[in-house]
2 protein chains.
Amino acid sequence: MKQLINSRGQIRQQLLAGLTYTYNDTLTWQEKTGIVTKKTISKDKVVLISGGGCGHEPAHVGYIGENMLDCAVMGAIFEPPASSEILQAIEQTYNGQGTLLIIKNFEKDLASFLEAERLAKAKGLTVSHVIVDDDCSIESGTFEKRRRGVAGTVFVHKILGAAAAEGNSLDELKTLGEQVIPLIKTLGVAFSPASPIGVIPQQYELAENEMYFGIGIHGEPGYRIETMQSSERIAVELVNKLKQQYERKELRKAAVLVNGLGGIPLLELSVFMNDVQQLLDIEDIDVVYKRMGNFLTAYNTNGLSLTLLTIKEDKWLDYLRIPTDAFGWK
Amino acid sequence: MKQLINSRGQIRQQLLAGLTYTYNDTLTWQEKTGIVTKKTISKDKVVLISGGGCGHEPAHVGYIGENMLDCAVMGAIFEPPASSEILQAIEQTYNGQGTLLIIKNFEKDLASFLEAERLAKAKGLTVSHVIVDDDCSIESGTFEKRRRGVAGTVFVHKILGAAAAEGNSLDELKTLGEQVIPLIKTLGVAFSPASPIGVIPQQYELAENEMYFGIGIHGEPGYRIETMQSSERIAVELVNKLKQQYERKELRKAAVLVNGLGGIPLLELSVFMNDVQQLLDIEDIDVVYKRMGNFLTAYNTNGLSLTLLTIKEDKWLDYLRIPTDAFGWK
């Protein structure tokens, strides 16, 4: 494996140094920590914090900005930050309006973020959270839904971020999050596994002509290995599986996200988007918002995920469309 | 090789369909051609056209927008468009203010674009061109400079695009281009070669622990294969080689572009950017503009290029900074 790094122990430090150097007009980094904040945090709105392991860039630092996050707390590669750092971030950004944590549904992420929330509350701060669990992959043995938090998290950052900027209270944001999240569904496919700097063991192998449906964003296995197929056939599998997650007629108006996992060229994402469009057209689904690119990656995985979100309220679309200066989304 | 496509013969068609579906608020595609244009082309400014082969996304379709290109003409993978299509694009976008072609310095690209210019002039249209030759790689045998047109082309799109929007004449734009281009220098490095859908033979192999300095954007060989090194050591090689291209003291104020070649994660580009920053700091070079991401890719190459541009006039910096809605640059 070839990796452009210096030393394994310095990855988080040097990644955040590079990112915040490049975007120093909007971002501030507290050196030696994993805490990156918006240069100026408004005193008049709820503070939004997200985060997780490194290796998912531009997530989550790329979503700090107007109408999105105020702060991202980043851990080591594929490891959530320590609760002590999240607590520090909550305290340092606290403005009296309350703080909402946006957490991806992984055991370790929940443990860190919820512990930080508990500690902050014990200090008298007002903190709440939403948990994103958009992944529709299933355990291949038990058929149990995995419900991991994956690329759809970015829709949550944008919708709640814009709603917070508009002046919604902490309770209103939590309620909105809990309305939006169940309508976000994501499914991924990998053509090669993530090879993250040897810090975690590679969890599966794929032969030269194989692909894996339902993989996770930390190199976790999926639900079915198949022979590599055409973009169109892969789009059929993902669109069909996602459709089945919704009630009949629930999916009339949708936002679509075609997300690259880090090692796939934009050319191929575009070919795939064209196939997705044709399938959604046949289903008479009105795609009112679409995004394509690398939004929540799995290090250098050659693969992609497809996310659908039912636009139940026009307001949600306004929140998606309102401009941001967050570098990963603008 | 795993590729997410449908059929080799349909790649250009399906790529452009996917791109223009995703960005249909700003782009118009003339189906079955390689011609993509800005939805509304101003009548009051010189028309800017660029293009080349597919496989370099977001180039060049991603640079169509306010303060950038009016039109991109795209060929097959790594093949420039036919002169007849370029001519068609010139005629269809013609507004009487003149048309400037921005051409990357490759034999085939020059042949197509200059033939189109000749044919358009024969029809009485006012057309001119600039040729971008920012690559500083050398032939390993003769040490001759290769002078290919690579990632620095995007700086030319932005500077000339903003200058055109400001009302500069065709002659003024050509003069500005010829001032800016010699001050743009780029050098690339690959950790794995491009594998472009088997349409062109792979031009080199790299062992598991090897990298190649000075590679081109169509999988062309570089000037030296070495054992894989740290990001810092690679930054030293690229920064030193680029510095040598400038006169003493010429490089006091610079724009920097760290460009991913399609298969490298943003995490690694960020680590590299941090190393570049430290080297430029030591040299006392004032970096007044910086960009990092996938701007001109070589299909799925695991690698990057570094571009420097001397900011000789403050105006150039204004042109770089002025906002655009071009999806590859905003």
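The values are calculated or read from the model by the stated rules, or taken from the named source; none is laboratory data. Keep in mind that this is a model prediction, so the values were computed, not measured. Here Cβ is always computed from backbone atoms with ideal geometry, including for glycine, and neighbour counts include all displayed protein chains. These area figures cover heavy atoms from the full protein model, side chains too; ligands, DNA and RNA do not enter into them. Shrake-Rupley method; radii C 1.70, N 1.55, O 1.52, S 1.80 Å.
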| note | Convex hull around the C-alpha positions of segment B:124-173: the volume in Å³ per residue is 96 Å³
| note | Taking the label point 7 Å from Cα along the Cα-Cβ vector, the copy-to-copy distances for A:T142, listed from shortest in nm with one decimal, are 6.7
| note | Per the 1/(1 + (r/R0)^6) rule, R0 = 35 Å and r from the Cβ atoms of A:E208 and A:L110, FRET efficiency to 0.05 is 0.40
| Once Rh for segment A:169-257 is found with the Kirkwood sum over Cα pairs, what is the Stokes-Einstein diffusion coefficient at 20 °C and 1.002 mPa s, in µm²/s? | 139 µm²/s
| said: As a quick test, which of the pairs B:K45/B:K121; A:K38/B:K330; B:K39/B:K108; A:K38/A:K185 have an alpha carbon distance above 27 angstrom in this structure? | reply: B:K39/B:K108; A:K38/A:K185
| message | Run the label-point distances for B:V236 please: 7 Å along Cα to Cβ, every other copy, nanometres, shortest first. | response | 5.5
| field | Long-range tail of P(r) for segment A:46-87 (Cα pairs > 13 Å, %) | value | 48 percent
| field | segment A:174-282: GluC sites (Glu not before Pro) in DSSP coil with no more than 14 other Cβ atoms inside 10 Å | value | A:E205, A:E208, A:E247, A:E250
| Can you pull the mean other chain C-beta count within 10 Å for peptide A:322-328? | 1
| field | Fraction of beta bridges assigned by DSSP in the protein assembly as shown that are antiparallel (%, nearest 5) | value | 55 percent
| remark: Using eta = 1.306 mPa s and T = 10 °C, Stokes-Einstein with Kirkwood Rh from Cα pairs puts D for chain B, in µm² s⁻¹, at 80 µm²/s
| query | How big is D, in µm² s⁻¹, for the protein assembly as shown by Stokes-Einstein at 20 °C and 1.002 mPa s if Rh is the Kirkwood radius over C-alpha pairs? | reply | 85 µm²/s
| message | Output wanted: per-residue J couplings in Hz (rounded whole) for segment A:317-330, from phi through Karplus 6.51 cos²θ - 1.76 cosθ + 1.60, θ = phi - 60°, x for Gly and Pro. | response | 5, 4, 5, 5, 7, 4, x, 9, 9, 4, 5, x, 10, 6
| field | Mean projection area, nm², convex hull over Cα of segment B:183-321 | value | 8.5 nm²
| query | When Cβ neighbours within 10 Å are restricted to other protein chains, what is their mean count per residue of peptide A:4-12? | reply | 5
| query | Any idea what the relative contact order of chain A is, in percent, if you count C-alpha pairs under 8 Å spaced at least 6 apart? | reply | 18 percent
| request: Starting from a label point 7 Å past Cα on the Cβ side, list the distances from A:E205 to the same position in the other copies, nm, shortest first. | output: 2.1
| query | Points 7 angstrom from Cα along the Cβ direction at B:E91 and A:E250: gap in nanometres? | reply | 5.4 nm
| Exposure ranking of A:M228, A:M292 by accessible area [1.4 Å probe, largest first] | A:M228, A:M292
